[in-house]
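This is the structure I have questions about; it appears just below.
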Amino acid sequence: MSENAIELAGIEKSFRRTNLAPGGHTTFKSQLVDWARGRKPPPARRLHVLRGVDLTVPRGATLGVVGQNGSGKSTLLKIMAGIYRPTAGRVRIDGRLAALIELGAGFHPEFSGRENIYLNGIILGRSRREIDALIDPIIDFSELREFIDEPVRTYSSGMYMRLAFAVATTIDPDILVVDEILAVGDEHFQRKSATRIEDFKRRGKTLIIVTHAAATVERWCDLAVWLDQGLVAARGAPAQVLAAYRSAIAERERSGSVAAGPLPPPGAARA
Amino acid sequence: MSNLRELFQYRALLWALTTRELRGRYRGSLLGFLWTFANPLLLMSVYAIVFGVFMAQQLPHYTYFMFVGLLPWLWFSSAVVGGTTSLSTKRDLLTRVKFPPQVLPAVVILSELCNYLLALPLMIGLALLSGVVLRPVALLFPMVLALQALFTVALVLATSSLNVFYRDLQHLLTNLLTLWFFLAPIIYPASAIPARFREAAILADPMAVVVTSYQAIFYYGTLPDFRALALAAGMSIVLLFMALSIFESRRDEFAELV
């Protein structure tokens, strides 16, 4: 294994925008009708979310990613997790990676909690037998034994999250990517999760946390990155990055431009 | 091709999802198993009454004849219907973990295949009841089955990825399948098609080739038309390559659009 758990170089990501207004094609019918009328489809509009992100996460580090809504944090996480493929750039992940994104872990809503544990374990590369050995610790940690054979669509968001957290951390990945998950659950569960994360860090695992809560970054992270409009605006020690982030927000609030409008195309002069 | 290779790498996942699907369906009981046949059996009784009694066909053992073609058709049509929506309804899986998308349509095709195979004893039972003797040509079954699988995989790979982009495809397909069902010689023998178009109507439609081949080996006890099988296999392979390129070019966007 190399010394870096994650290496991202020149990551760009743009999304095709789905427009439901006339001229957008979301149905076969509309596509056919326009084609039959000889109407040219409007050029696909794209939303540029990441515009060249370089990021290296050393093995064993805990990285906090901060940024305003729409800055590309979640997209970056999904690229690390292999859910999105970048439009341009290179991703290198060294080790088994588990992700807790959008308060979920890739559950099948119709499957029971137990079946989802197996499903997730297999997706994360564990064999059935390995999961057999881990299933009781997972169920115990999630405190869902009573409901474990019920379909997860009947779970509350808290139950869902607890199960997702229990699976992702018990399955023992080398890299854990979490999106705002440490704040969910009651105090008791939060304490338990915190212990689990501490333990995870102590064993030299790599952790990536995306959050809006500065306190989370201060408490957990050795490194921080501030993502702004798809670019890394600052990186380094959490205290410095947070300070830069806060002052920029304060500055924007004063000038009344907190809500960054539509992003200018890449290459355009930035305000 | 990398999509198919990856499917093999993820066979543990494929297996887990397929067995889960079947377990869920059968609920571990004989009754549950029979229940899954309630729908096809009902459908078959409708056809058996309409075409066996009301509009009586000249064909001996008509009900058995119909069974031979209808069972594989049900595999095909349920795989197409279920497979087409298999990606577009799995948002939770595709957007939160790195999930190999081709596993999802494959699971549908496989579990429907198991249904078909499990229904075969019913068909053989009916053959015995009707006094039809199965000939050794029936051993060609795996070959016809393989061709059907190839064609189904190719078609479903294409429709499942397109349905992520055009959500109305699934409704269109359901209707097309009904049309297709009546165009293929399933509830009537191929000889009922006017001689002028008979050959063209069968050769142009891989499913018609598949169904008439099943009828040849199970009902007529004759060799299937190998020329037609080869042609259908060729068409399926071409379709498979097209489907794989559609799937490959779109797969990056599944997680973004489901």
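The values are calculated or read from the model by the stated rules, or taken from the named source; none is laboratory data. Since the structure is predicted, the reported quantities are computational estimates derived from the model, not experimental observations. All Cβ positions, glycine included, derive from the backbone under ideal geometry; neighbour counts span all protein chains shown. To get the accessible areas, we keep the full protein, side chains included, count just its heavy atoms, and leave off ligands, DNA and RNA. Shrake-Rupley method; radii C 1.70, N 1.55, O 1.52, S 1.80 Å.
For A:THR56, what charge total do you get from the other residues with a beta carbon under 14 Å from its beta carbon, if Lys and Arg give +1 and Asp and Glu give -1?
-1
Using Cα springs under 10 Å in a Gaussian network model of chain B, which residue among B:LEU179, B:LEU231, B:LEU239 shows the largest mean-square fluctuation?
For chain B, modelled as a Gaussian network with Cα springs under 10 Å, the answer is B:LEU179.
Just in the stretch A:83-159: which trypsin sites (Lys or Arg not before Pro) are loop by DSSP and have at most 15 other Cβ atoms within 10 Å?
Filter output for the stretch A:83-159: A:ARG96.
Using each residue's phi in the stretch B:212-225, evaluate 6.51 cos²θ - 1.76 cosθ + 1.60 at θ = phi - 60° and report the 3J(HN,Hα) Karplus result to the nearest Hz, with x for Gly and Pro.
Along the stretch B:212-225, the couplings run 5, 5, 4, 4, 4, 7, 9, 9, 7, x, 10, 5, x, 7 Hz.
How many partner chain Cβ atoms sit within 10 Å of a residue's Cβ in peptide B:96-104, on average, as a whole number? Mind showing how you got there, number by number?
Details: counts 15, 17, 13, 5, 1, 0, 0, 1, 0.
For peptide B:96-104, the averaged partner shielding equals 6.
Return the single residue from B:ALA158, B:ALA12, B:ALA48 with maximal mean-square fluctuation; model: Gaussian network over chain B, springs between Cα atoms under 10 Å.
In this elastic network of chain B, the residue with the biggest mean-square fluctuation among B:ALA158, B:ALA12, B:ALA48 is B:ALA12.
Considering only A:PRO238, A:PRO109, A:PRO86, give the residue with the highest GNM mean-square fluctuation for chain A, with springs between Cα atoms whenever their separation is below 10 Å.
Among A:PRO238, A:PRO109, A:PRO86, the largest mean-square fluctuation in the Gaussian network model of chain A belongs to A:PRO109.
Rounded to two decimals, what is the ratio between the C-alpha radius of gyration of chain A and 2.2 N^0.38 Å?
1.13
Here is a follow-up. Work out the FRET efficiency for A:ALA215 and A:GLU143 from their Cβ-Cβ distance, taking R0 = 25 Å, and round it to the nearest 0.05.
0.50
Would you please classify the overall shape of the stretch A:148-233 from the alpha carbon gyration tensor, given that a ≥ b ≥ c denote the square roots of the eigenvalues, rounded means a/c under 1.5, and beyond that prolate means a/b larger than b/c while oblate covers the rest?
Taking the square roots of the gyration eigenvalues as a ≥ b ≥ c, the stretch A:148-233 is prolate.
Could you check the spin-label model distance between B:ILE237 and A:ARG129? Points 7 Å from the Cα along Cα→Cβ, value in nm.
Here the modelled spin labels are 4.0 nm apart.
Give the lysines reachable from A:LYS29 as a straight Cα distance under 17 Å; neighbours fewer than 8 places away on the same chain don't count.
The reachable lysines, counting only those whose Cα sits under 17 Å from A:LYS29, are A:LYS40.
Under 22 Å Cα to Cα from A:LYS192, which lysines show up? Leave out anything in the same chain fewer than 8 places away.
Counting by Cα, and skipping residues close in sequence, A:LYS192 has these lysines nearby: A:LYS201, A:LYS205.
Would you mind giving the mean number of other chain beta-carbons within 10 Å of the Cβ of each residue in B:166-174, as a whole number? Don't skip to the end; give the middle numbers.
Numbers: counts 8, 3, 7, 3, 1, 3, 4, 1, 0.
The per-residue average across the peptide is 3.
Summing +1 for each Lys or Arg and -1 for each Asp or Glu, what net charge is found among the other residues whose Cβ lies under 15 Å from the Cβ of B:PRO40?
Surrounding charge for B:PRO40 is 0.
Here's something else I'd like to know. Give me the accessible area of B:LEU34, 1.4 Å probe, in Å² rounded to the nearest 10.
Surface accessible to solvent at B:LEU34 totals approximately 90 Å².
Which value in Å is the Kirkwood Rh of the protein assembly as shown over different Cα pairs?
26.3 Å
Report the accessible area of B:PHE54, computed with a 1.4 Å probe over the heavy atoms of all protein chains in place, in Å² rounded to the nearest 10.
Around 150 Å² of this residue is reachable by solvent.
Then there's this: A:SER255 accessible area, nearest 10 Å², 1.4 Å probe?
Rounded to the nearest 10, the figure is 80 Å².
While we're looking at this one, here's another question. Assuming R0 = 41 Å, can you tell me the calculated FRET efficiency for the pair B:ARG167 and B:LEU139, based on Cβ-Cβ distance, to the nearest 0.05? Walk me through the intermediate numbers first.
Values: r = 43 Å, r/R0 = 1.05.
E between B:ARG167 and B:LEU139, to the nearest 0.05, is 0.40.
If we count every other residue with Cβ under 9 angstrom of A:ILE79's Cβ, Lys/Arg +1 and Asp/Glu -1, where does the sum land?
Combined, the nearby Lys, Arg, Asp and Glu give +3.
State, as an integer percentage, the relative contact order of chain A based on alpha-carbon contacts under 8 Å between residues 6 or more apart. Present the calculation step by step, with values, prior to reporting the outcome.
Working: 453 pairs, mean separation 67.1, N = 271.
Reported relative contact order: 25 percent.
Next question. Ordering A:MET80, B:MET242 by how much accessible area each has at a 1.4 Å probe, largest first, what is the list?
Ranked list, largest accessible area first: B:MET242, A:MET80.
Take peptides A:61-67, B:131-137 and line them up by average Cβ neighbours within 10 Å, highest first, as a rough protection proxy.
For the peptides A:61-67, B:131-137, the packing ranking is A:61-67, B:131-137.
Per residue of the stretch A:232-243, in order, report the coupling 6.51 cos²θ - 1.76 cosθ + 1.60 (Karplus, θ = phi - 60°) as ³J(HN,Hα) in whole Hz, putting x for Gly and Pro.
Result, ordered by residue: 7, 8, 7, 8, x, 5, x, 4, 5, 4, 5, 4 Hz.
Let me ask you something else. When you have a sec, figure out the Kirkwood radius of the stretch B:2-257 from all distinct Cα pair distances and drop it here in Å to one decimal?
For the stretch B:2-257, inverting the mean 1/r across all distinct Cα pairs yields 19.2 Å.
Please work out the C-alpha center-to-center distance from the stretch A:192-210 to the stretch B:199-258 and express it in whole Å.
The stretch A:192-210 and the stretch B:199-258 have Cα centres spaced 51 Å from each other.
For the pair A:ARG37 and A:ILE249, what calculated FRET efficiency results from E = 1/(1 + (r/R0)^6), where r is the Cβ-Cβ distance and R0 = 45 Å, to the nearest 0.05?
0.40
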